[in-house]
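First up is the structure itself, then whatever we jot down about it.
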Amino acid sequence: VPSATTTYVACIPTYENVYNTVQQMIAEGKVDPNRVYVTGKSYGGGAVYEFTERYPEFAAGAIAMCGQSTSPYSDVQANLDKIVDLPLWIAHATEDPTVKISCSRAILFINEVNAVLNPVTCVPSCGV
């Protein structure tokens, strides 16, 4: 009996693909360009920083939950000034065992202006 072979193709969305898709939806009148928000949790929370740094005028605001950036902090630090005026809410569980709260606090310490405007919301642990 010959063995079956299956080919899987992973479609990994890139920031550019996401940006272009939403831009297309805006052009088609399906999305209000003044109401685009970027959200993410864990690595997705880190992606919030990276996406908004690449497209700083794109979103009306952003929410990063227990964000862990995939970029080295030196890269993030160099680009945070691009999102200094973006309304940004950062939420993180104080006792998160996977992504330490220091990751979220570090982002705000790097970007001191935003830290004053948009402090971290520290959520008490809830059994995670």
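A compact table of results
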read-out	value
Hits in the stretch 45-61 (condition: closer than 17 Å to GLN23 by Cβ and touching a residue at least 12 places away in the same chain (Cβ under 8 Å))	PHE51, THR52, ARG54, TYR55, PRO56, PHE58, ALA59, ALA60
Residues (over 14 Å from TYR55 (Cα atoms) and either open to solvent by 100 Å² or more (accessible area, probe 1.4 Å) or outside any loop (DSSP other than H, G, I, E, B) (or both)) located in the stretch 20-33	GLN24, MET25, ILE26, ALA27, LYS30
The one condition in (1) of a type outside the set (Lys, Arg); (2) at pLDDT below 80; (3) part of a helix (DSSP H, G or I); (4) under 30 Å from ILE26 (Cβ atoms) that GLY67 fails to fulfil	(3)
Residue that is farthest from GLY44 (Cα to Cα), among those in the stretch 4-19 that are open to solvent by 100 Å² or more (accessible area, probe 1.4 Å) and at pLDDT below 85	THR5
Single condition ALA93 does not satisfy, out of (1) under 12 Å from the mean Cα position of the chain (by Cα); (2) surrounded by 12 or more Cβ atoms within 10 Å (Cβ to Cβ); (3) at pLDDT below 85	(1)
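The values are calculated or read from the model by the stated rules, or taken from the named source; none is laboratory data. As the structure is a computational prediction, the values presented were derived from the model and not from experiment. Cβ sites come from the backbone with ideal geometry, for glycine too, and all protein chains shown count toward neighbours. Ligands, DNA and RNA are stripped out before the accessible areas are found, and what is left, the full protein with its side chains, is counted by its heavy atoms. Shrake-Rupley method; radii C 1.70, N 1.55, O 1.52, S 1.80 Å.
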